[in-house]
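Report on the following structure.
The values are calculated or read from the model by the stated rules, or taken from the named source; none is laboratory data. As the structure is a prediction and not an experimental result, all values here were calculated from the model. Every residue, glycine as well, gets a Cβ built from its backbone with ideal geometry; the counts of neighbours run over all protein chains shown.
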Amino acid sequence: MQEPTSRDAGGGYFRTKTVEESIQDTEEPEHQLRRSLSAFDLMVFGVGVIIGTGIFVLTGSVAKENAGPATALAFVAAGVVCALAALCYAEFASTVPVAGSAYTFSYASLGELPAWIIGWDLVLEFALGTAVVAVGWSGYVRSLLDNAGAQLPDALSGPDAAEGFGFDLLAFLLVLLLTAILVVGVKLSARLTALVVAIKVTVVLIVIIAGAFFINGDNYDPFIPEASGTLAGSGLDAPLVQLMFGYEPTTFGWQGIFTAASVVFFAFIGFDVVATTAEETRNPQRDMPRGILGSLLICTVLYVAVSIVVTGMQKYTELSVEAPLADAFKATGHPWYAGAISFGAAVGLTTVCMILLLGQTRVFFAMSRDGLLPRFFSKTHPHFGTPYRPTILLGCVIAVIAGFTSISELATLVNIGTLFAFVIVAIGVIILRRTRPELPRAFRTPWVPVLPILSVCASLWLMLNLPAETWVRFGGWMIVGIIVYFLYGRSHSRMSTPTRR
């Protein structure tokens with residue numbers, strides 16, 4: 001049988017890079033990543049990046065403002081949306097075990113321009129995600145230092161804390177430290193992540209087990225509070241679905257649960273990062289599906305359990321928005337647990353930051369190896385076998401962003417970027433099934449095309465619930481990306497000549 005070749009269409013904009021070509025590129029000595037990760041490592045990465053501020057903060061805000069005790073159902077709904085996407089990711093990651101995640105998958109199914117767009121999107125998603133988490137980690141650490149009687153000057157506590165010049169020294173140093181760890185090796189990163197994840201999961205289990213003894217059944221009544229109003233916004237602050245169709249999301253009631261699901265979706269962001277390490281996995285055909293689906297299942301169970309416990313400990317109308325878990329224990333007369341929760345949050349955010357940075361460098365590396373970004377960045381370290389050049393570059397850039405910028409308003413861009421990737425991957429599964437049905441697939445997404453179509457619809461619905469302002473910013477970033485592609489990427493692409501120089 002003749003070996004499949006690249007398909008060219010649309011003047012080269014939709015030329016695809018075959019799975020065989022992608023795998024062949026991973027065998028070039030200077031551009032080869034070291035395979036050292038197991039299914040357990042992948043699952044640890046997944047749990048490490050998913051469990052972050054979401055479980056410690058969002059539980060209280062959505063329970064108080066959107067869903068009441070039914071917040072547990074909101075976590076289930078958001079988990080189902082992610083599970084639909086995860087099944088699509090699992091098929092691609094086991095079939096195309098190459099760094100780059102959704103970017104690489106798109107190149108094999110949709111073509112070069114769509115692949116560039118999703119790669120550009122992922123670079124933004126992971127960069128902002130890393131910086132946002134680093135700033136959040138800095139806040140937790142400063143809080144712990146204050147409790148211990150130590151305090152950083154306002155000028156070194158970030159722009160929000162200072163009246164004039166403000167630099168977040170802790171966030172800056174954290175990103176640089178994690179950059180150094182990622183340069184040394186992904187296996188070291190996995191070991192450090194395993195240690196931190198063990199601490200983080202222990203804290204979560206303490207919350208669940210200890211909190212179960214302080215549950216008051218009356219706090220669950222009513223489990224689904226009656227709908228009591230709308231969350232109508234105005235102008236660009238309004239959800240896009242409201243501006244387009246006049247639909248106004250409600251607070252509480254059944255609609256409140258789905259409104260809450262679009263909010264708590266933030267808590268699940270990151271499981272797709274696991275797919276970026278496919279090329280560094282010893283047995284990707286077997287281990288990628290286990291790592292992706294296993295980590296998502298573990299985190300969904302923990303999220304649901306925590307939300308049930310915290311809404312049972314304290315009436316949802318009285319929950320704190322800033323620190324619901326810690327304050328719920330304070331309300332029951334157990335402040336010691338509050339300190340343990342703050343410590344767990346601070347420690348746990350280090351892994352979230354590191355794994356998001358790891359994901360971004362792998363996408364950047366894959367785009368560079370394909371020539372869409374300068375090939376200079378696709379050389380791996382001769383000793384560590386890591387993509388050290390993009391890691392150092394991106395780590396330094398993100399460290400500066402985290403140090404100088406207050407980026408809370410840009411956090412929703414992380415959400416829309418993730419959902420956009422979900423849509424592209426689901427569509428890609430359908431297309432690759434039709435164009436390359438003979439490909440060996442260690443894991444097959446069930447009920448194709450029905451399940452991928454459901455994934456697309458669910459992700460689009462959550463995207464429509466995001467503010468119109470987020471769509472404007474996202475569109476602006478995409479326009480910049482398209483300009484870069486036409487000025488550099490298209491002419492330098494390795495697919496632009498038959499020899500693939």
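Before moving on, here are some points about what is shown:
- Options VAL80, VAL62; residue that is touching a residue at least 12 places away in the same chain (Cβ under 8 Å), more than 22 Å from THR435 (Cα to Cα), out of contact with any helix residue (DSSP H, G or I) (no Cβ under 7 Å at 6 or more places or on another chain) and β-branched (Val, Ile, Thr): VAL80
- Qualifying residue in segment 462-483 (condition: in contact (Cβ under 8 Å) with a residue 12 or more places away in the chain, among the hydroxyl-bearing types (Ser, Thr, Tyr), assigned to a helix (DSSP H, G or I) and touching a Leu at 6+ places or on another chain (Cβ under 8 Å)): yes
- Comparison of GLY211, GLY270, GLY253, GLY185 shows that the only residue that is farther than 29 Å from THR351 by Cβ and not hydrophobic (A, V, I, L, M, F, W, C) is GLY253.
- Of all the listed residues (PHE265, PHE271), the sole one being at pLDDT below 85 and closer than 18 Å to GLU65 by Cα is PHE265.
- Every residue from segment 310-325 that is hydrophobic (A, V, I, L, M, F, W, C) and surrounded by fewer than 23 Cβ atoms within 10 Å (Cβ to Cβ): VAL321, ALA323
- Single match in VAL241, VAL203 (criterion: under 29 Å from the mean Cα position of the chain (by Cα) and either in a loop (DSSP other than H, G, I, E, B) or at pLDDT 80 or above (or both)): VAL203
- Here LEU466 qualifies as closer than 27 Å to VAL263 by Cβ, touching a strand residue (DSSP E or B) at 6+ places or on another chain (Cβ under 8 Å), hydrophobic (A, V, I, L, M, F, W, C) and crowded, with 19+ Cβ neighbours inside 10 Å.
- For the residues GLY371, GLY403, GLY339, the requirement of being surrounded by fewer than 24 Cβ atoms within 10 Å (Cβ to Cβ) and within 21 Å of ARG142 (Cβ to Cβ) singles out GLY339.
- Pair list, Cβ < 7 Å and 6+ apart or interchain, from segment 121-137 residues that are farther than 22 Å from SER106 by Cβ and surrounded by 24 or more Cβ atoms within 10 Å (Cβ to Cβ) to residues that are among the hydroxyl-bearing types (Ser, Thr, Tyr) and at pLDDT 85 or above: TRP137/THR350
- Close pairs from segment 405-418: first at pLDDT 75 or above, partner polar (S, T, N, Q) and part of a helix (DSSP H, G or I), Cβ under 9 Å, at least 6 apart: ASN415/SER262; ASN415/THR470; ILE416/THR470; THR418/SER459
- Per-region count, segment 323-375, residues assigned to a loop (DSSP other than H, G, I, E, B), out of contact with any Ser or Thr (no Cβ under 6 Å at 6 or more places or on another chain) and closer than 30 Å to ILE292 by Cα: 3
Residues are listed down the side, and each one gets a yes or a no for (1) of a type in the set (Gly, Ala, Ser); (2) within 30 Å of GLY475 (Cα to Cα); (3) more than 28 Å from the chain's Cα centre (by Cα); (4) modelled with pLDDT of 90 or more:
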| residue | (1), (2), (3), (4) |
| --- | --- |
| ALA161 | yes, no, no, no |
| VAL186 | no, no, no, no |
| SER234 | yes, yes, yes, no |
| GLY246 | yes, yes, yes, no |
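- ILE298 of a type outside the set (Asp, Glu) and at pLDDT below 85: no
- Condition met for ALA70 (under 24 Å from ALA328 (Cα atoms), at pLDDT 90 or above and crowded, with 24+ Cβ neighbours inside 10 Å): yes
- Enumeration of residues in segment 439-459 that are without any contact (Cβ under 8 Å) to a residue 60 or more places away in the chain and more than 22 Å from the chain's Cα centre (by Cα): TRP447, VAL448, PRO449, VAL450
- Positions within segment 411-438 being part of a helix (DSSP H, G or I), over 22 Å from the mean Cα position of the chain (by Cα) and either of a type outside the set (D, E, K, R) or surrounded by 17 or more Cβ atoms within 10 Å (Cβ to Cβ) (or both), in sequence order: ILE430, ILE431, LEU432, ARG433, THR435
- Of residues in segment 257-275 being over 14 Å from the mean Cα position of the chain (by Cα) and not hydrophobic (A, V, I, L, M, F, W, C), the one nearest to VAL414 (Cα to Cα): SER262
- Count of segment 245-292 residues which are part of a helix (DSSP H, G or I), of a type in the set (A, V, I, L, M) and within 18 Å of ALA86 (Cα to Cα): 9
- Among the residues of segment 192-227, just one is out of contact with any helix residue (DSSP H, G or I) (no Cβ under 9 Å at 6 or more places or on another chain) and of a type in the set (D, E, K, R), namely ASP218.
- The residue of segment 313-357 that is modelled with the highest pLDDT, among those that are within 20 Å of ILE51 (Cβ to Cβ) and among the acidic types (Asp, Glu), is ASP327.
- When each of THR16, THR26 is tested for being of a type outside the set (Asp, Glu), modelled with pLDDT of 90 or more and within 30 Å of PRO374 (Cα to Cα), the lone residue that passes is THR16.
- In segment 114-135 there is at least one residue that is touching an Asp or Glu at 6+ places or on another chain (Cβ under 9 Å) and under 13 Å from CYS353 (Cβ atoms).
- Residues in segment 469-499 that are surrounded by fewer than 19 Cβ atoms within 10 Å (Cβ to Cβ), hydrophobic (A, V, I, L, M, F, W, C) and farther than 20 Å from PHE126 by Cα: ILE483, PHE486, LEU487.
- Only helices (runs of 4 or more DSSP H) whose full extent lies in segment 12-81 are considered here, and the ones with at least 2 residues that are closer than 20 Å to PHE422 by Cβ are 39-50.
- Sub-8 Å Cβ pairs linking a first residue in segment 342-370 that is under 30 Å from VAL207 (Cα atoms) to a second residue that is among the charged types (D, E, K, R), at least 6 apart or interchain, are GLY344/LYS200; VAL347/LYS200; GLY348/LYS200; THR351/LYS200; GLY359/ASP272, ordered by first then second residue.
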